[in-house]
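A short worksheet on the structure shown next.
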Amino acid sequence: MKLTFLERMMILNLLPETGTFVSLKVIRVLREALVPTADEVKELSVVENTETGQVTWDSTKDFPKEVEVGEIASGIIEKKLKEMDKAEELTLNHESIYKIFVD
């Protein structure tokens, strides 16, 4: 599926740090696919504020990247988004990934 830089960063931030052996292997592979390449960092002028952890980039140059998200990974993402929805923790930035993985 094609995901924008923002969508990829949002997914990275909601992936769990703990889980089963199988889910952790799936998450590791997915993280590798979602993390920006050195070329993307340069092209999008990605900057991370070391004090706040906030990442900024030139969104006018953003382009969707093809990322393979398997059934197990989709389930992990869907579960987390549903938990966030129930706890009323979703933000407007989650809207597009919610539509992709839950709707």
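Only the coordinates and a few stated rules stand behind these numbers; no lab work does. Just so we're clear, the structure is a prediction, and the values are computed from it rather than from any experiment. Cβ atoms come from the backbone with ideal geometry, glycine included; neighbour counts cover every protein chain shown.
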Exercise. Name the residue farthest towards the positive end of the dipole of the chain from the options M1, S74, F21, assuming +1 on Cβ of Lys and Arg, -1 on Cβ of Asp and Glu, about the Cα centre.
Key: F21
Quiz item: Relative contact order of the chain: what whole-number percent is it, with Cα pairs under 8 angstrom and at least 6 residues apart?
Solution: 39 percent
Quiz item: Most exposed first by the Cβ proxy, i.e. fewest other Cβ within 10 Å, how do S74, S59 rank?
Solution: S59, S74
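Calculate, for V46 and T18, the FRET efficiency according to 1/(1 + (r/R0)^6) with r their C-beta to C-beta distance and R0 22 Å; round to the nearest 0.05.
Details: r = 28 Å, r/R0 = 1.25.
Between V46 and T18 the formula returns 0.20.
With charges only on Cβ, +1 for K and R and -1 for D and E, what is the dipole size of the chain about its Cα centre, in debye, rounded to 20?
On the way: 13 positive and 20 negative charges, 59 e Å.
Dipole of the chain, to the nearest 20 debye: 280 debye.
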Quiz item: Name the residues of segment 46-77 whose amide N is less than 19 Å from a point 7 angstrom out from the Cα of A38 along the C-beta direction?
Solution: 46-48
Self-check item: Residue order, fewest to most beta carbons within 10 Å, for E48, E68
Solution: E68, E48
Quiz item: Which of these, V35, V47, V69, has the largest mean-square fluctuation under a Gaussian network model of the chain (Cα springs below 10 Å)?
Solution: V47
Quiz item: Going by how many other beta carbons lie within 10 Å of each one, how would you line up E78, E83, E88, fewest first?
Solution: E88, E83, E78
